[in-house]
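> First, the structure itself, so that you have it in front of you.
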């Protein structure tokens, strides 16, 4: 049932270090999403590589973009495109393991799409005003490519339900997930609204 759909979020190191954890979580809560799991800790390097599991086609494609950016900025090209693509994940893993992060499972109607809408696009410069990324970060792909580092865009969120299921299993145990009733969901999901009046 879509109203019980779950999605996965990681508040990244820049979100934690900039003391935006509460602000980010409050955005999800105000939208009506229920927190089904919340864990603060360090991301494991091996799990990061599994999380960002990419194939050679992805590495090659992203590496070509990096090469184009380097050419436009008169920077030397020192390796094949596929290695520049792998550098993106290497930089992400380095970044994701440098500081504590927050792992969150959110639940609610169309949770994956709602969270994606609240978070905004992955490129901070083009993320809409009013989204988490659009309001709180000013990094860009171009700057991160030039500096050979991960883009600092505050948060990861799952793109699809299947991806959320895979990521939840990767980062959390069954006992981390809490099933409970959220009273505010009565106003959202109670068909007859018969449980509200005294």
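The values are calculated or read from the model by the stated rules, or taken from the named source; none is laboratory data. This structure is a prediction, so every number in the text was calculated from the model and none was measured. When we count neighbours, we look across all protein chains shown, and the Cβ atoms used for this are built from the backbone with ideal geometry, even at glycine.
> Is it the case that residue 168 is in a helix (DSSP H, G or I), at pLDDT 90 or above and either touching a strand residue (DSSP E or B) at 6+ places or on another chain (Cβ under 7 Å) or on the phi > 0 side of the Ramachandran plot (or both)? Don't jump to the end; show me each part of the working.
Numbers: in a helix (DSSP H, G or I): yes; at pLDDT 90 or above: yes; either touching a strand residue (DSSP E or B) at 6+ places or on another chain (Cβ under 7 Å) or on the phi > 0 side of the Ramachandran plot (or both): yes.
It is true that residue 168 is in a helix (DSSP H, G or I), at pLDDT 90 or above and either touching a strand residue (DSSP E or B) at 6+ places or on another chain (Cβ under 7 Å) or on the phi > 0 side of the Ramachandran plot (or both).
> Out of everything in segment 171-183 that is surrounded by 12 or more Cβ atoms within 10 Å (Cβ to Cβ) and under 21 Å from residue 30 (Cβ atoms), what residue ends up being modelled with the highest pLDDT?
Within segment 171-183, the subset surrounded by 12 or more Cβ atoms within 10 Å (Cβ to Cβ) is 171-172, 176-178, 182.
Among the residues that remain, those that are also under 21 Å from residue 30 (Cβ atoms) are: 178, 182.
Values: 178: 95, 182: 84.
Only one residue fits best here, namely 178.
> Give me the residue from segment 1-17 that is in a loop (DSSP other than H, G, I, E, B) and surrounded by fewer than 20 Cβ atoms within 10 Å (Cβ to Cβ) and, out of that set, modelled with the lowest pLDDT. I'd like the intermediate steps shown before the answer.
To start, the set of residues in segment 1-17 that are in a loop (DSSP other than H, G, I, E, B) comprises 1, 5, 12.
Then drop every residue that is not surrounded by fewer than 20 Cβ atoms within 10 Å (Cβ to Cβ), which leaves 1, 5.
Working: 1: 58, 5: 96.
Among them, the one singled out is 1.
> Continuing with the same structure: Conditions: (1) closer than 25 Å to residue 55 by Cβ; (2) outside any loop (DSSP other than H, G, I, E, B). Residue 188 meets all but one. Number of the miss?
The one condition residue 188 does not meet is (1).
> Give just the number: which of (1) within 13 Å of residue 12 (Cα to Cα); (2) touching a helix residue (DSSP H, G or I) at 6+ places or on another chain (Cβ under 6 Å); (3) in contact (Cβ under 8 Å) with a residue 40 or more places away in the chain does residue 95 not satisfy?
Among (1) within 13 Å of residue 12 (Cα to Cα); (2) touching a helix residue (DSSP H, G or I) at 6+ places or on another chain (Cβ under 6 Å); (3) in contact (Cβ under 8 Å) with a residue 40 or more places away in the chain, the lone unmet condition for residue 95 is (2).
> Of everything in segment 18-42 that's without any contact (Cβ under 8 Å) to a residue 60 or more places away in the chain and within 16 Å of the chain's Cα centre (by Cα), which residue is surrounded by the most Cβ atoms within 10 Å (Cβ to Cβ)?
Taking segment 18-42 and keeping what is without any contact (Cβ under 8 Å) to a residue 60 or more places away in the chain, we get 19, 22, 26, 29-30, 42.
If we keep only those that are within 16 Å of the chain's Cα centre (by Cα) too, we end up with 22, 26, 42.
Details: 22: 8, 26: 10, 42: 12.
Taking the candidates together, the pick is 42.
> Next question, about the same structure. Please go through segment 45-62 and pick out each residue that is farther than 13 Å from residue 167 by Cβ and not in a helix (DSSP H, G or I).
54, 55, listed by residue number.
> Being touching a helix residue (DSSP H, G or I) at 6+ places or on another chain (Cβ under 8 Å) and closer than 19 Å to residue 176 by Cα narrows it down to one residue among 39, 50; which is it? Steps first, answer last, please.
Values: 50 fails: closer than 19 Å to residue 176 by Cα.
Just one listed residue meets the conditions, 39.
> Looking at segment 66-86, which of its residues are without any contact (Cβ under 8 Å) to a residue 60 or more places away in the chain and in a helix (DSSP H, G or I)?
Kept after step one, since they are without any contact (Cβ under 8 Å) to a residue 60 or more places away in the chain, are these residues of segment 66-86: 67-68, 71-72, 74, 76-86.
The answer is 67, 68, 71, 72, 81, 82, 83, 84, 85, 86.
> On the given criteria, is residue 148 within 22 Å of residue 17 (Cβ to Cβ), over 19 Å from the mean Cα position of the chain (by Cα) and touching a residue at least 24 places away in the same chain (Cβ under 8 Å)? Working first, answer last.
Working: within 22 Å of residue 17 (Cβ to Cβ): yes; over 19 Å from the mean Cα position of the chain (by Cα): yes; touching a residue at least 24 places away in the same chain (Cβ under 8 Å): yes.
So residue 148 fits the description; yes.
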